[in-house]
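First up is the structure itself, then whatever we jot down about it.
Just so you know, all these numbers are worked out from the coordinates, no wet-lab data involved. The structure presented is a predicted model; accordingly, all values stated were derived computationally and were not measured. Cβ placement follows ideal geometry from the backbone for every residue including glycine, while neighbour counts extend to all protein chains displayed.
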Amino acid sequence: MDTATQPRNDKPACDPGKPARITLDARQLMQDRNEIDIRHGEEIYRLRLTRNGKLILTK
């Protein structure tokens, strides 16, 4: 395979100064509610806390 013809990606996959992901506490995210809506682009998702303490994300 000729690497000279391959497209170059000079941007790193992620910023080395930032962690790859963050951790949020569900209690902080939910703010004493059982359901919250999360907007992702044009879509709205519902995050629900069940009676058993499980989280369910639905579209």
Notebook entry, point to check: When Lys and Arg each count +1 and Asp and Glu each count -1, what net charge do the other residues less than 15 Å away from Asp37, Cβ to Cβ, add up to?
Noted result: +2
Checklist line | Surrounding net charge for Gly53, when Lys and Arg each add one and Asp and Glu each subtract one, Cβ distance under 15 Å | finding: +2
